[in-house]
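Here is the structure we will look at.
The values are calculated or read from the model by the stated rules, or taken from the named source; none is laboratory data. Quantities reported herein were computed from a predicted structural model and do not represent experimental measurements. For neighbour counting, all protein chains shown are included, and Cβ atoms are generated from backbone atoms with ideal geometry for every residue, glycine included. Just the protein is used for accessible areas: all its heavy atoms, side chains included, with ligands, DNA and RNA removed. Shrake-Rupley method; radii C 1.70, N 1.55, O 1.52, S 1.80 Å.
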Amino acid sequence: MKETTSATIDTTAIHPGDLIRAKYADWNEAKNGIVTAVTGGEIRCLYFPGIRNVCNYFLIAADEITEGLWEISWSTDMKTIQTEGEKHDA
C-alpha cells in the first residue's frame, strides 16, 4: 500500500477568463496573460509576446507552485487581486 499527497489547484479560486500575471523562477520578468483553462493539476495561460499578432501559452503546474517556482497574481473583476507564491525583489 502506498499513500501519496499531491498539490492541487483550487478551481473555485481561479477561472478561465481571469487576467493573470505570472513569473517563473528562471524568467527575467513576469508575463501578463489570460487564463484559458484550469484543472486540478495546471493552469493554462495565453499571453502575447509582443511580436506582431503572435500569441503563445505557458502552463503553471500545481507541483511547481508548491515548490515555490511561481509568483502569480490574478483577478476576475479587476478590483480584487489574488496572489500565490513568494514575492522576490527584482
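For a quick check of your reading of the filter: which chymotrypsin sites (Phe, Trp or Tyr not before Pro) in the chain sit in a DSSP loop and have no more than 16 other Cβ atoms within 10 Å? Mind dumping the intermediate values first?
Details: sites: 24, 27, 47, 57, 58, 70, 74; in loops: 27.
Passing both the DSSP loop test and the Cβ count: 27.
Taking GluC sites (Glu not before Pro) in DSSP loop conformation with at most 15 other Cβ atoms inside 10 Å as exposed sites, the chain has its longest uninterrupted site-free stretch at 30-66. Accessible surface area normalised per residue over the range 1-41 is 71 Å², counting heavy atoms of protein chains with a 1.4 Å rolling probe.
You can think of it this way: the chain between residue 76 and residue 30 has 14.7 nm of extra reach, that is 0.36 nm per residue less the Cα-Cα gap.
Taking trypsin sites (Lys or Arg not before Pro) in DSSP loop states with no more than 14 other Cβ atoms inside 10 Å as exposed sites, the chain has its longest site-free stretch at 3-51.
Note on residue 48 and residue 69: their simple-model spin labels are 2.9 nm apart, each label 7 Å out from Cα toward Cβ.
Round to a whole number: what % of the accessible area of the range 1-86 belongs to carbon and sulfur, probe 1.4 Å? Mind dumping the intermediate values first?
Working: 2900 of 5960 Å².
Of the solvent-accessible surface of the range 1-86, carbon and sulfur hold 49 percent.
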